[in-house]
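Data block below; observations after.
The values are calculated or read from the model by the stated rules, or taken from the named source; none is laboratory data. This one's a predicted model, so the numbers in the text were calculated from it and none came from an experiment. When we count neighbours, we look across all protein chains shown, and the Cβ atoms used for this are built from the backbone with ideal geometry, even at glycine. Heads up: the accessible areas ignore ligands, DNA and RNA and are worked out on the full protein's heavy atoms, side chains in. Shrake-Rupley method; radii C 1.70, N 1.55, O 1.52, S 1.80 Å.
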Amino acid sequence: MFPGFRTTSMSDEKAKPRGKSRRNLFLVGALLALTYGGYRIYLERKPYEWSGTVEARTISIGSRAGGRIKEVLVREGDRVQAGQALLTLEAGDYLAQLMQAKALLVQWQANLEKLKQGARPEELAEARARALTANAALAQAVAGARPEEVAAAEARLAVQEVAVEKAKLNADRVHVLDQSGATARVDVDNADMELKGAVALRDALTHQLDQLKNGSRRTEVAQAQARSMEQSASARLVAAGSRTEDLKAAQAQVDGAQGRVDQMLVMIDELTVKAPLPARVETLDLRPGVLLEEKQLFVRIYVPETLLGHMKIGQAVPISVDSFPDQRFQGVVEHINGVGEYSPRNLQTADERADQVFATRVGLRSGFDQLRAGMAAFIQVPK
């Protein structure tokens, strides 16, 4: 070796690259380890994500009253309030049926009121008078004729006997004159007719006298008794008023007529189809329409059984959609099905149990003006 000069061996020159390669491998290994560790941390902190579809609760509307459409008051896409009219139908003969039902109701109500009020004072007096007349006739039939009536009948008969004798003498004289040709034939006929009339009247008065003396027959008394009982019962019936059964029957008729009126009013009200809740008109094709409740949007997702513990009723979760990637909409877990779906009969391992999912409904609390039913939605739940 010469002074002032430094020399290296071949072994030293080969050792430097080998040490550098080791350092590079160490750095690469450390970098991979850090990358893997960061990835593991990312996976552990990454929230669970499930995808679903935005759905809306629909209301099918229609009318129980059939008929032709008179007027359409809304268009598809319109927002309507509860009770707002959507369309009207032609009334047809519903109004005429209502008038008939009301008239029948008034008739049965008047009949019921009449039964409740009972008989008028004039009707009561008339019934009592008929009963008194029948009783008087019965008393007269039972008591028979008075002596004065018998004496008067005898006197009338005596007078008629004199009239008969006079008519007979006149007829005899006319017949004698007729035999001598001193009188006309018409005088003979008149005399004979006068005699027959006098005799007939005398016989009638004789029968009347016999009837007065003998009194009323049993049949006549029985008839008088029946008429008396009938009129007395009629008077009591009028005074007592209507029976309970009649009042119930009349009330039933009123209730039936009232029910018919109410039915017609309901049918007439059904001629106007109204929105039951605040909603938006989705389809209206003059058939039973469909409404979407704007405030009832929800997302239905399916959560694996192994991750079901991360979901709770009432839990707030963010919701995102592709149409608005920079926005997050507020959602709340409203329902988790109690029965899993797509589950095999025998579940042995955790991976197999993961195939079983539970339908979960997440209700939207915002974005009603932006979201539409049918949109794809994503829900993230922290681990």
key: Pair GLN330, THR272: separation of 7 Å Cα→Cβ label points (nm)   = 3.7
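Taking only protein heavy atoms and a 1.4 Å probe, what accessible area per residue, in Å², does the stretch 25-172 have with all protein chains in place? It would help to have the intermediate numbers written out before the result.
Working: 10540 Å² over 148 residues.
Here the per-residue accessible area is 71 Å².
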Residues with amide H under 5 Å from that of GLN296, placed H, sequence gap 5 or more = ARG57
message = Computing the accessible area with a 1.4 Å probe over protein heavy atoms, can you report the carbon and sulfur percentage for the stretch 37-195?
response = 54
request  = Tally up the carbon and sulfur contribution to the accessible surface of the stretch 303-343 as a whole percent, 1.4 Å probe, everything protein left in place.
outcome  = 52
